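Chemist: Below is one structure. I have some questions about it.
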């Protein structure tokens, strides 16, 4: 007879609402309970060797400093620690940090001149073998000397692509090169930059609606006046405007055809103001970001419509129109004619 583990629902809910740097996490999966301690201060790899190097640097440094300093608040003000944190997150190795004693250092020089020696001392004092200490801390040293962290590799790679293609295409080239380089086992400071030429075939850029939809969408609410919506459509050269409620849920669609019909009727015979909710399409045909592009085209053709709001869990996340498909067709036609 199996052991029944307590669900501890309140604890799990609490853990889902707080994000401490170190936190105990309890869960039950497939009838088995598990407890782990999450240490969330370590930056991501992007390789196993980089990740272990990050951990070695951190734990070695904490070991050494805990031996030297009983209470960190006596030698560093909280405001300095907060400012250091924000500067490091924003500028990486280019940050200026205020270290013990109030002296400011560049992050790179602080690591090379002070912190690496302390981390080495801390690891050795805890019984870590010298070979392992050198193996991983040498990665940190070379990374700092080259100025090439994982984040900087991504930024430099994107900059080298010089805006070629769509953002999604550049991101795929970046992810593909990252996977290739991870397989080599080399740390990130030794990686060549990703290039746009390493992007997958162009057809991977428009297989789903999420890849071609417009996510920066102008919307109106049902209670907005039609005059406001009409002005918005004129200013932004729009033929369709999704209508959403205050929680971001799609509740309708306003098209230029509804406005034309209203004009033909002469606004409203009663003389009252007309709201968007009075004339909008209340149950528009929708797709999700994962709907295939071909299926979306078939849906538009079947319903004889020129626009598809894109929703995810009831929330509006984008819109795709016949104009998007015309632009996609133009790109494919140009490529086909060049290759002919």
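The values are calculated or read from the model by the stated rules, or taken from the named source; none is laboratory data. Predicted model only: the values in this text are computed from it and were never measured. Because the Cβ atoms are built from the backbone with ideal geometry, glycine has one as well, and the counts that use them run over all protein chains shown.
Chemist: Within segment 131-138, identify whether any single residue is outside the structural domain of residue 289 (by TED's automatic domain parsing), closer than 30 Å to residue 327 by Cα and crowded, with 18+ Cβ neighbours inside 10 Å, and answer yes or no. Step through it out loud before you land on a result.
Modeler: Within segment 131-138, the subset outside the structural domain of residue 289 (by TED's automatic domain parsing) is 131-138.
In the following step, the residues that additionally are closer than 30 Å to residue 327 by Cα were identified as none.
Scanning segment 131-138, I find no residue that is outside the structural domain of residue 289 (by TED's automatic domain parsing), closer than 30 Å to residue 327 by Cα and crowded, with 18+ Cβ neighbours inside 10 Å, so the answer is no.
Chemist: Checking the structure you have, find out if any residue of segment 66-87 is in a loop (DSSP other than H, G, I, E, B), under 21 Å from residue 188 (Cβ atoms) and in contact with a helix residue (DSSP H, G or I) (Cβ under 8 Å, 6 or more places away or on another chain).
Modeler: Initially, segment 66-87 is screened for residues in a loop (DSSP other than H, G, I, E, B), giving 69-71, 75-77.
Applying the additional criterion that residues be under 21 Å from residue 188 (Cβ atoms) yields none.
For segment 66-87, residues in a loop (DSSP other than H, G, I, E, B), under 21 Å from residue 188 (Cβ atoms) and in contact with a helix residue (DSSP H, G or I) (Cβ under 8 Å, 6 or more places away or on another chain): absent.
Yes/no matrix, rows are residues, columns are (1) over 22 Å from the mean Cα position of the chain (by Cα); (2) under 30 Å from residue 248 (Cα atoms); (3) modelled with pLDDT of 90 or more:
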| position | (1), (2), (3) |
| --- | --- |
| 148 | no, no, yes |
| 165 | no, no, no |
| 169 | no, yes, no |
| 178 | no, no, yes |
| 192 | yes, no, yes |
| 196 | no, no, no |
| 199 | no, no, no |
| 215 | no, yes, no |
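Chemist: Please go through segment 273-296 and give me each residue that is in a helix (DSSP H, G or I) and out of contact with any helix residue (DSSP H, G or I) (no Cβ under 8 Å at 6 or more places or on another chain), ordered by number. Talk me through it step by step, then tell me what you get.
Modeler: The first filter runs over segment 273-296 and keeps only residues in a helix (DSSP H, G or I), leaving 276-279, 293-296.
Hits for segment 273-296 are 277, 294, 295.
Chemist: Taking the conditions exactly as written (surrounded by 19 or more Cβ atoms within 10 Å (Cβ to Cβ) and over 31 Å from the mean Cα position of the chain (by Cα)), does residue 263 satisfy them or not? Give the steps one after another, and end with the answer.
Modeler: Numbers: surrounded by 19 or more Cβ atoms within 10 Å (Cβ to Cβ): no; over 31 Å from the mean Cα position of the chain (by Cα): yes.
In short, no.
Chemist: Could you look through segment 201-210, keep only residues that are part of a helix (DSSP H, G or I), buried (at least 17 other Cβ atoms within 10 Å of the Cβ) and at pLDDT below 90, and pick out the one that is nearest to the chain's Cα centre (by Cα)?
Modeler: Start the filter on segment 201-210 by keeping residues that are part of a helix (DSSP H, G or I), which leaves 202-205, 209-210.
Applying the additional criterion that residues be buried (at least 17 other Cβ atoms within 10 Å of the Cβ) yields 205, 209-210.
Now narrow it down to the ones that are at pLDDT below 90: 205, 210.
Numbers: 205: 18, 210: 15 Å.
Looking at residues that are part of a helix (DSSP H, G or I), buried (at least 17 other Cβ atoms within 10 Å of the Cβ) and at pLDDT below 90, I get 210.
Chemist: What number of residues in segment 62-110 are loosely packed, with under 12 Cβ neighbours inside 10 Å and within 26 Å of the chain's Cα centre (by Cα)?
Modeler: Total satisfying the criteria: 4.
Chemist: Would you point out which residue out of 106, 60 is within 19 Å of residue 142 (Cα to Cα), assigned by TED's automatic domain parsing to the domain that holds residue 136 and in contact with a helix residue (DSSP H, G or I) (Cβ under 7 Å, 6 or more places away or on another chain)?
Modeler: Values: 106 fails: in contact with a helix residue (DSSP H, G or I) (Cβ under 7 Å, 6 or more places away or on another chain).
It is 60.
Chemist: Please find, within segment 6-18, the residue that is modelled with the highest pLDDT out of those that are in a loop (DSSP other than H, G, I, E, B) and closer than 30 Å to residue 55 by Cβ.
Modeler: Filtering segment 6-18 for residues in a loop (DSSP other than H, G, I, E, B) gives 6-8, 16-18.
Among the residues that remain, those that are also closer than 30 Å to residue 55 by Cβ are: 8, 16-18.
Details: 8: 87, 16: 78, 17: 83, 18: 80.
Only one residue tops the list, namely 8.
Chemist: What number of residues in segment 271-306 are over 12 Å from residue 252 (Cα atoms) and in contact (Cβ under 8 Å) with a residue 40 or more places away in the chain?
Modeler: Counting residues in segment 271-306 that are over 12 Å from residue 252 (Cα atoms) and in contact (Cβ under 8 Å) with a residue 40 or more places away in the chain gives 12.
Chemist: Kindly list the number of the only condition in (1) surrounded by 14 or more Cβ atoms within 10 Å (Cβ to Cβ); (2) at pLDDT 95 or above; (3) in a helix (DSSP H, G or I) that fails for residue 152.
Modeler: Just one mismatch for residue 152, condition (2).
Chemist: A further question on this structure: Answer yes if at least one residue in segment 19-32 is under 30 Å from residue 184 (Cα atoms) and assigned to a loop (DSSP other than H, G, I, E, B), and no otherwise.
Modeler: Looking through segment 19-32, none of the residues is under 30 Å from residue 184 (Cα atoms) and assigned to a loop (DSSP other than H, G, I, E, B).
Chemist: Based on this model, can you work out whether residue 299 counts as surrounded by 15 or more Cβ atoms within 10 Å (Cβ to Cβ), touching a helix residue (DSSP H, G or I) at 6+ places or on another chain (Cβ under 9 Å), in the same structural domain as residue 227 (by TED's automatic domain parsing) and closer than 30 Å to residue 262 by Cα? Break it down stepwise before answering.
Modeler: Working: surrounded by 15 or more Cβ atoms within 10 Å (Cβ to Cβ): yes; touching a helix residue (DSSP H, G or I) at 6+ places or on another chain (Cβ under 9 Å): no; in the same structural domain as residue 227 (by TED's automatic domain parsing): yes; closer than 30 Å to residue 262 by Cα: yes.
In short, no.
Chemist: All but one of (1) in contact with a helix residue (DSSP H, G or I) (Cβ under 9 Å, 6 or more places away or on another chain); (2) surrounded by 11 or more Cβ atoms within 10 Å (Cβ to Cβ); (3) within 30 Å of residue 180 (Cβ to Cβ) hold for residue 44; state the number of the condition that does not hold.
Modeler: Of (1) in contact with a helix residue (DSSP H, G or I) (Cβ under 9 Å, 6 or more places away or on another chain); (2) surrounded by 11 or more Cβ atoms within 10 Å (Cβ to Cβ); (3) within 30 Å of residue 180 (Cβ to Cβ), only one is false for residue 44: (2).
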